[in-house]
Every structure is written in C-alpha cells, then in structure tokens.
1. The chain: longest stretch without exposed trypsin sites (Lys or Arg not before Pro) (DSSP loop, at most 16 other Cβ within 10 Å), sites themselves excluded?
2. Rounded to the nearest percent, how much of the accessible area of the chain (1.4 Å probe, protein heavy atoms only) is carbon and sulfur?
3. Which of the helices in the chain, when you take each full DSSP H run, stretch at least 15 Å along the axis at their Cα atoms and have an average Kyte-Doolittle score of 0.0 or higher?
4. Calculate, for region 1-76, the solvent-accessible area per residue in square angstrom, rolling a 1.4 angstrom probe over the heavy atoms of the protein chains.
5. For region 103-193, which GluC sites (Glu not before Pro) are both in a DSSP coil and crowded by at most 10 other Cβ atoms within 10 Å?
6. In terms of the ratio Rg/(2.2 N^0.38 Å) built on C-alpha atoms, what value belongs to region 1-155?
7. Can you give me the long-range amide H partners of residue 95? Hydrogens built in the peptide plane at 1.01 Å from N, cutoff under 5 Å, separation of 5 or more residues or another chain.
8. At 222 nm, what value in deg cm²/dmol follows for the chain if DSSP H runs of at least 4 each add -39500 (n - 2.57) and the sum is divided by all its residues, to the nearest 500?
Amino acid sequence: MMASDITLAGLATLGERDAQYVISHIRTIPGFPKEGILFRDFMPVLADAKALKLLVDALEQTLPVPLDSFDAIAGLEARGFLFGPILATRLGKGFLAVRKAGKLPPETISESYDLEYGTAAVEVETDLVKPGMRVLIVDDLIATGGTAKAAADLIRRAGGSVVGFSFIMKLDGLNGLEQLGDVPSSTLVTMPA
C-alpha cells in the first residue's frame, strides 16, 4: 500500500519513480456523482505527455495474454476509446469500438446489462467482428464487471472470442473480475470502492 489508498498492480512494472509519477496524476473527487462515492479521475494522466506514455507502456508490459494471441483490441465507450486506439496502434492491431446503444448508424448487435439504477446496453457494428477474431478488451475501470461482461458477450455473439481484459483501475470489494470468468485479465492499480 502506498501513501495514498492506491495500490500498485501492473503499474509496478514501470519502477517506483515512474509509477508514482503516473499515480500523482490520478485525481480523487469525493461526493461525485453522489455522496459517499470517491470518483477516480485519470484524465489528468492523459493530459500529461510523460504520464500518458508511461500509462501506455505499462498497459503494453502487462498484457494479460501474449501479443500473438489476439487480433484486435476492443475499447469500451467512452474512456476505453482514449487509450485503446493508442495501444492498438503501438501493438499493430485493429481497434473495435464498443459503443453505448443508439450511437451507431450501421447494423449493430446489442447486449444489455444491469446498473444499480436500471439497465444499459452496448453495441458493435455487425461487420467489424470477423468470425474467429480474437479480441482483447480494454477499459479504464473494472468495478462490478457489468459493462465488461456485456462487451465480452457481445464480441462472442458477433463471432469473435475474448482472450483477455486489460484495465487501468480496479475497485476492490465489488468482485468485478469474478463476473468475467476464467478469462485472463490485468490491472495497473487497485483502490477501495
């Protein structure tokens, strides 16, 4: 455990100094979106060139599966869109956008999931996921696992296979990784929910 409540996981591959540099750019905002919640904002990491490079370096170094075991990276809207394409470009992979429902004009398939206050859905264009395509799903945060599981179910329904998950942050105590089954996963930092 570090001086803050953020614990290193995969970010430790950068070394203490660089890991601390990245963590110093993660903002904690109490009471957002409602009282009792600590919102973790990693947008300042993206605004700092050095921190962004280190973040992508750590994502690459901590891939949950070998580079040759996946064909594409799927990023979840919206924050998975910020670093998913960067990682895909660096690794020589394609990028698949898993969008919130109603955002795509072409033919799509959709997968619903439960939220604490209702339901939501994610979609993907039907012709982007090729039969047998092996996909690594990336997102900023794993909490309860609902969105990541829905994305994985969607990729599978479209004919692909999910080989792994890569997250920047994991909230402890919400058991999100358990929702994803035995699929390998990696996280860069963990913190209390």
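The values are calculated or read from the model by the stated rules, or taken from the named source; none is laboratory data. The structure displayed is predicted, hence computed values, not measured ones. Glycine also receives a Cβ, built like all others from the backbone with ideal geometry; neighbour counts cover every protein chain displayed. For accessibility, only protein heavy atoms count, side chains too; no ligands or nucleic acids. Shrake-Rupley method; radii C 1.70, N 1.55, O 1.52, S 1.80 Å.
1. Numbers: sites that count: 34, 103.
The answer is 104-193.
2. Details: 4910 of 9190 Å².
C and S fraction of accessible area: 53 percent.
3. Details: long enough: 49-61 (18 Å, 0.50); 80-91 (16 Å, 1.31); 146-157 (16 Å, -0.17).
Helices meeting the span and hydropathy rule in the chain are 49-61, 80-91.
4. Accessible surface, normalised per residue, equals 51 Å².
5. Values: sites: 107, 111, 116, 123, 125, 178; in loops: 107, 116.
Within region 103-193, the qualifying GluC sites (Glu not before Pro) (loop, at most 10 other Cβ atoms within 10 Å) are 107, 116.
6. Normalised Cα radius of gyration, region 1-155: 1.11.
7. Under 5 Å from the amide H of residue 95 lie the amide H atoms of 73, each far enough along the sequence or on another chain.
8. On the way: 5 runs with 50 residues, N = 193.
Mean residue ellipticity, 222 nm, calculated: -7500 deg cm²/dmol.
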